[in-house]
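Heads up: the structure comes next, in structure tokens.
The values are calculated or read from the model by the stated rules, or taken from the named source; none is laboratory data. Worth saying up front: this structure is predicted, and the values here are computed from it rather than measured. Methodologically, a virtual Cβ is constructed for each residue, glycine included, from the backbone with ideal geometry; neighbour enumeration extends over all protein chains shown. For accessibility, only protein heavy atoms count, side chains too; no ligands or nucleic acids. Shrake-Rupley method; radii C 1.70, N 1.55, O 1.52, S 1.80 Å.
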Amino acid sequence: MSLSADDLTQIDTMLVATGADTLLFGELRRRFPHLSWTRCDASDVTEMPFRVYEHYDIHLLDSVDHCAQITSDPTRATGIILAKRSAAR
């Protein structure tokens, strides 16, 4: 199942509202079980983020063709990488 416009709106709202909350990742996984979720440090991802927030970048993950890759197309996204940015950035 792909990422819908409604999903993106809800994710935006959560990421803007919660800041660097440590419970955020679990809540995102609970609310969007149809997406795969990965978290990492922003320095681990070299591609440009799909969206940038105060404490996080998000990257869309496409694994439709059995080879995972970063995508900028929400209709191909099957997952999200939540990349935590350091305070120094």
Between the alpha carbon centres of the range 8-45 and the range 59-89 the gap in Å comes to 12
For mean projected area of the Cα convex hull in nm², the choices are (i) 7.3; (ii) 5.4; (iii) 10.3; which was calculated from the structure?
(ii)
How much area per residue is accessible in the range 46-89 when the probe is 1.4 Å and only protein heavy atoms are counted (Å²)?
60
Give the carbon-plus-sulfur fraction of the accessible surface of the chain in %, rounded to a whole number; probe 1.4 Å, heavy atoms of protein chains only.
53
Less than 12 Å Cβ to Cβ from I58, Lys/Arg counted +1 and Asp/Glu -1: what total charge do the surrounding residues give?
0
